[in-house]
Amino acid sequence: MVIVMQAGASPQQIQRVMERIKSLGYEPHPMYGVERTVIGAIGDERGKSILESLISLQGVESVIPILKPFKLASREIRPEATIVQIAGIQVGKGGFALIAGPCSVESETQIIKAAAQVKEAGANMLRGGAFKPRTSPYSFQGLEHEGLKLLAKARQETGLAVVTEVLSPEDVGLVAEYADVLQVGARNMQNFPLLKKLGKVNRPILLKRGMMCTVKETLMCAEYILSSGNPSVILCERGIRTFEDATRNTLDLAAVSLLKEWSHLPVIVDPTHGTGVKSLILPMSKAAIAAGADGLMVEVHPKPEEALSDGFQALLPEEFKEIVKSIGPYLKLEGKEVHRPTAASG
Ligand code: PEP
Ligand code: MN
């Protein structure tokens, strides 16, 4: 159930509604908008009609049942788009995330160089995996803690915010010490203990869509993080598994527009894993912007031929720079802007 407060409702009136929700056995989740506050009452679906009585409290405009299975992630509860703040960068509502870097952190020289190159090309965030989810246990698994330290060094040298993946609940604390944004990879999207743990950290989460998961399931996973207490979630479309084998995955850009329709959360697109084909990264980036994306995540490597993972799909820094130039007019057309980071956290 959503309790919509009147524009100009007082803090005391909002407090009173929250207390009443609690006393009825539900959990209040207030969302403070520019115009008005809406409060989600989360709990047992069966007895929720009792919440309808809240309409008689002062300052309440309406009490609306939520129709979608996801609640806190839903536009029904929060019509206004969410802006996720990362070191002075806004993602959502016109703020565009341009995240670039190698698949994995491989060495100090590699990540520092990559960071400087993607910054020069126009990126505002650096990506790079320290913990890598690999299909084969014999493939490079990442530099782990050492990789996180190198990412922090790259941030210090360039000022770029750092996005890196966390694979297991036990590593959440460690990764949060170093990263500005914690990424949940496609293979882990439905790792519910991980999602619950990420609900407790004071860092934004980049949630990549599972390759076998629907749009609804993706939003239910975001719901895990939101309902555990972390309001800063960015969704990422990175392609799904279909019968098509000419591309690595099938980039579902309709899902981007649908996610934006159903949810207030920012949505970004990863055309690199989404296609696995370098020549498709530019057209899919343009299409992603037209579909309403709030950002892009692209793999870029100073020497793709020497990469320890995903070298075949990594762009050269100069190729990435060309792409950044080419998408400029598309961003302008959609009223999107790439903000520069001020002080990356770590
Ligand atoms: C990645 O971004 O490094 C990655 C492993 O992507 P995905 O989880 O989408 O496969
Ligand atoms: Mn990769």
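The values are calculated or read from the model by the stated rules, or taken from the named source; none is laboratory data. In this text, all values refer to a predicted model and were calculated from it rather than measured experimentally. Cβ: placed from backbone, ideal geometry, glycine included. Neighbour counts: every protein chain shown. The accessibility values were calculated without ligands, DNA or RNA, using every heavy atom of the protein model including side chains. Shrake-Rupley method; radii C 1.70, N 1.55, O 1.52, S 1.80 Å.
Some observations on this one:
- Given R0 = 25 Å, the distance between the Cβ atoms of Lys200 and Tyr138 translates into a calculated FRET efficiency of 0.15.
- Electrostatic dipole magnitude of the chain [Cβ: Lys, Arg +1; Asp, Glu -1; Cα centre; debye, to 20]: 500
- Carbon/sulfur fraction of accessible area - the chain, other protein chains in place, 1.4 Å, %: 54
- Residues Ser53, Ser228, Ser263, ordered by accessible area of protein heavy atoms at a 1.4 angstrom probe radius and largest first, appear as Ser53, Ser228, Ser263.
- Residue among Ser228, Val163, Ile89 farthest towards the positive dipole end of the chain, charges placed on Cβ: Ser228
- Note: relative contact order over the range 24-98, using C-alpha pairs below 8 Å and six or more positions apart, is 19 percent.
- Backbone amide hydrogens, once placed in the peptide plane, bring Ile42 within less than 5 Å of Glu27, His29, excluding anything fewer than 5 places away on its chain.
- Accessible surface ranking that places the most exposed of Glu27, Glu305 first, with a 1.4 angstrom probe: Glu305, Glu27
- Across the range 2-64, C-alpha contacts under 8 Å between residues 6 or more apart give a mean separation that, scaled by the residue count, equals a relative contact order of 48 percent.
- Separation of the Met212 and Glu108 label points, Cα + 7 Å toward Cβ, nm: 4.3
- Where the chain is the region considered: accessible area per residue in Å², 1.4 Å probe: 42
- Spin-label proximity, Glu45 to the range 53-72 - amide N less than 16 Å from point 7 Å beyond Cα toward beta carbon: 65-72
- Per-residue surface analysis assigns Glu35 an accessible area of about 130 Å², computed on protein heavy atoms at 1.4 Å probe radius.
- If only the Cβ of Lys and Arg carry +1 and only the Cβ of Asp and Glu carry -1, the dipole of the range 75-121 around its Cα centre is close to 180 debye.
- Area of Arg248 that stays accessible when all protein chains are in place (1.4 Å probe, Å², to 10): 90
- Angle in degrees between helix 281-291 and the longest Cα principal axis of the chain, rounded to the nearest 10: 10
- Accessible area (Å², 1.4 Å probe, nearest 10) - Arg155: 30
- The 1.4 Å probe gives accessible areas that order Met220, Met18, largest first, as Met220, Met18.
- Alpha carbon centroid spacing (whole Å) that separates the range 140-171 from the range 218-272: 23
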